[in-house]
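These notes concern the structure reproduced below.
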Amino acid sequence: MLKEKGEYMQWYSDELLQMAKQLGYKLLPAFNTTSGLPYPRINLKFGIRKPEARTGTETDTCTACAGTLILEFAALSRFTGATIFEEYARKALDFLWEKRQRSSNLVGVTINIHTGDWVRKDSGVGAGIDSYYEYLLKAYVLLGDDSFLERFNTHYNAIMRYISQPPLLLDVHIHKPMLNARTWMDALLAFFPGLQVLKGDIRPAIETHEMLYQVIKKHNFLPEAFTTDFRVHWAQHPLRPEFAESTYFLYKATGDPYYLEVGKTLIENLNKYARVPCGFAAMKDVRTGSHEDRMDSFFLAEMFKYLYLLFADKEDIIFDIEDYIFTTEAHLLPLWLSTTNQSISKKNTTSEYTELDDSNFDWTCPNTQILFPHDPLYAQRIREPLKNVVDKSCPRGIVRVREESFRSGAKPPLRARDFMATNPEHLEILKKMGVSLIHLKDGRVQLVQHAIQAASSIDAEDGLRFMQEMIELSSQQQKEQQLPPRAVQIVSHPFFGRVVLTAGPAQFGLDLSKHKETRGFVASSKPYNGCSELTNPEAVMGKIALIQRGQCMFAEKARNIQNAGAIGGIVIDDNEGSSSDTAPLFQMAGDGKDTDDIKIPMLFLFSKEGSIILDAIREYEEVEVLLSDKAKDRAAILKGKMIPSYIINSNPEMENEEQPSSENDSQNQSAEQQVVSISQTVDLVDQESPDESSLNSSPESSSPADSEDASNISPSEQTSSPTANHETPSLDGECTDLDNQIQEQSETEEDSNPNVSWGKKVQPIDSILADWNEDIEAFEMMEKDEL
């Protein structure tokens with residue numbers, strides 16, 4: 001471009017392009033893997049395989065490492081006409097897309113380059129993934145390939161649903177995206193507001209950027225990692241440019257001079273705290289101001305470039321920057337490459353894209369005009385509630401600050417610990433603070449805060465503090481009230497303990513971990529919701545009552561079936577399709593009153609697990625279950641007390657005799673490991689206790705103990721706490737001898753009773769076990785993820 005203008009570099013004859021081509025060929029051996037994903041590093045002299053290379057032994061690479069090649073490699077192909085570079089980069093990008101987690105549409109942090117298995121299965125927009133998303137959108141802008149835009153939109157929808165909790169961006173598990181993978185954020189996510197500007201989604205970009213700016217004003221620089229209450233997690237700061245990048249793009253989008261002030265603050269902090277005689281030194285600790293003896297190349301390539309462009313007038317730049325797109329390292333590539341040397345097929349026939357309903361997806365290219373010419377205060381109104389989201393003094397938490405303001409005479413807003421989802425006044429206060437309740441498809445309820453929807457900036461600030469209190473409260477109560485899962489084991493014919501259902505515990509009633517298990521036949525209560533005096537007490541007397549979730553508090557249900565003479569209760573979720581393999585562990589909370597009067601055990605089953613019991617009742621009429629803290633040894637069920645009298649005909653009295661519970665401890669362990677799924681969730685609508693609250697919850701009951709950092713502050717996303725996974729789901733390999741015993745007994749009974757038709761009853765069991773075996777494979781994958 002400079003040469004064509006006739007003013008500069010008339011001597012230039014593509015020397016740099018030829019060097020770039022030679023370098024490209026030296027990099028290509030890194031792609032020699034079965035997946036097409038490149039090795040993370042290559043020796044430019046010896047390649048990959050030679051012993052002198054001292055590389056080629058790696059098995060893993062990060063998603064960004066393999067997915068941030070398409071712009072440079074496509075540009076090299078378009079400049080030189082050698083298509084191989086773009087082909088290799090596209091193949092790697094295609095492979096990552098195919099390996100996304102299909103239910104959440106998220107990708108993990110690291111992946112095995114040979115097998116394609118995810119190694120780290122947490123997902124976010126920061127380190128390890130960041131530029132993968134960036135390059136999907138920018139590849140569409142530069143190359144004009146619609147498939148890249150479709151992929152980006154699919155991922156972006158998942159990010160905004162699960163990861164974005166404005167103003168926070170928190171990592172989640174790709175298999176359980178409602179569960180937070182960590183309670184801190186890394187500095188690399190500061191690029192994301194700039195990417196949202198490129199997409200055209202301005203409001204969350206402004207919110208996240210403002211939150212980051214408040215962190216910078218508190219610590220002078222953005223710490224390498226910081227917690228959800230904005231304290232330092234990792235204190236280093238290697239002079240990263242991502243925040244300056246987002247500042248530049250937000251100024252371009254809004255024309256708001258506020259972002260010039262932000263840039264001025266960055267420059268002043270660099271000169272005041274990072275400048276040294278030979279340049280600018282990385283910060284070793286932002287709290288102490290100590291330095292490292294280093295200055296990374298990205299500081300010159302990106303930081304100074306974005307700051308220069310932020311303040312530059314149009315006449316200061318000798319070319320039209322709108323004709324170019326920035327790579328992730330802030331190098332400029334010309335947009336005319338989209339029409340040059342197009343030898344690569346643009347049609348991706350291997351992938352199907354989800355149809356997404358999002359009007360923002362129409363905004364796909366950089367908007368060079370001011371987006372809000374008739375409302376210059378738009379960005380300011382979004383920023384204003386976030387001005388004080390980060391406390392100015394480090395050690396003081398938000399709760400303490402608020403308490404001090406209470407003592408000074410200010411009227412306290414709604415506190416997280418006092419919140420009751422069934423209280424209309426509380427819901428009205430939340431609405432005033434810009435906090436709303438969203439009912440999710442799985443039946444749970446999510447708290448979402450939009451500062452711009454608050455009645456005033458003060459109310460918006462109260463809303464943010466309320467959400468932050470909820471994070472701290474959930475985290476604290478998670479440690480105090482964590483209850484393990486329980487087991488519902490079907491012990492009657494023809495199951496004999498082979499089917500073990502993961503059940504959620506109750507925070508009231510008989511504690512199965514301290515008392516003997518409860519065994520009995522099951523019976524449905526009438527009314528089925530158990531919210532009033534039972535009309536069929538004779539049916540549930542001495543049995544375990546089945547009741548449906550909904551309409552009233554769990555404790556009320558427990559009292560009604562206890563008064564009818566039930567020896568236990570199983571609450572079945574009324575949300576059709578819910579399952580313990582996709583939803584976190586559910587704990588039933590009390591009603592905020594004294595529940596010492598409830599003496600029977602109460603367990604909770606999701607819809608899928610509850611359907612197994614209901615189907616068994618329809619098939620076999622009488623179904624006997626065992627409620628316990630862990631699954632019991634099936635051999636003991638067959639040999640001892642737990643065998644029904646109609647199986648052991650030789651000694652009917654044996655049914656009432658005490659028998660050893662297990663032959664050895666290892667069998668107990670084996671049985672315990674059959675509890676199939678453990679995760680966590682919380683519930684709001686049944687929550688009346690002031691000590692029980694959560695952000696991501698089910699609409700009926702609440703147990704903040706289930707949710708660590710269960711904050712949900714996003715537009716349409718969902719979050720839950722990290723999961724304490726203790727399950728080792730295994731049925732295969734443990735049932736062989738038991739199945740043989742059952743088969744032998746079945747044949748004996750069939751011979752003795754020719755009127756019994758076993759063939760009609762075996763098929764549903766096989767179907768049930770096949771269904772569980774499919775779940776077990778998924779659980780095993782998730783267990784590796786949790787470990």
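The values are calculated or read from the model by the stated rules, or taken from the named source; none is laboratory data. If you're wondering where the values come from, they're calculated on a predicted model, not measured in any experiment. No Cβ is skipped: glycine too gets one built from the backbone with ideal geometry, and neighbour counts run over all protein chains shown. All accessible areas refer to the heavy atoms of the entire protein, side chains included, with ligands and DNA or RNA removed. Shrake-Rupley method; radii C 1.70, N 1.55, O 1.52, S 1.80 Å.
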Handout entry: Probe 1.4 Å, all protein chains present, accessible-area order of ARG54, ARG498, ARG381, ARG151, largest first
Key = ARG54, ARG381, ARG498, ARG151
Fill in the blank from the handout: Under 5 Å from the placed amide H of MET420, counting only residues 5+ away or on other chains, we find none
Problem - Flagged links, alpha-carbon separation over 26 Å, of LYS543/LYS632; LYS432/LYS557; LYS284/LYS314 - result: LYS432/LYS557; LYS284/LYS314
Problem - Heavy-atom accessible area ranking, 1.4 Å probe, most first, across ASP201, ASP418 - result: ASP418, ASP201
Problem - Charge sum, other residues only, whose C-beta stays under 10 Å from ALA235's C-beta, Lys/Arg counted +1 and Asp/Glu -1 - result: 0
Exercise for the section: Equivalent ellipsoid semi-axes for the stretch 496-548, as square roots of 5 times the alpha carbon gyration tensor eigenvalues: give them largest first, rounded to whole Å. Expected result: 22, 15, 12
Problem - the stretch 262-301: relative contact order in percent, alpha carbon pairs under 8 Å with at least 6 residues between - result: 25 percent
Practice task
Ignoring everything but the protein chains, give the 1.4 Å probe accessible area of ASP629 in square angstrom, nearest 10.
Solution key: 50 Å²
Problem - Area of VAL276 that stays accessible when all protein chains are in place (1.4 Å probe, Å², to 10) - result: 50 Å²
Exercise for the section: Quickly work out the GLU15-to-ASN536 label distance, labels modelled 7 Å from Cα along the C-beta direction, and quote it in nm with one decimal. Expected result: 9.1 nm
Completion exercise
For the stretch 107-198, shape from the Cα gyration tensor axes a ≥ b ≥ c, cut at a/c of 1.5 then a/b versus b/c, turns out oblate
Completion exercise
Between PHE298 and ASP511, the two model label points (7 Å from Cα along the beta-carbon direction) sit apart by a distance in nm of 5.0 nm
Practice task
Can you run the Rg to Rh ratio on the stretch 106-263? Use alpha carbon positions and the Kirkwood inverse-distance Rh.
Solution key: 0.97
Exercise for the section: Go through HIS155, HIS114, HIS331 and list them by solvent-accessible area, largest first, probe radius 1.4 Å. Expected result: HIS331, HIS114, HIS155
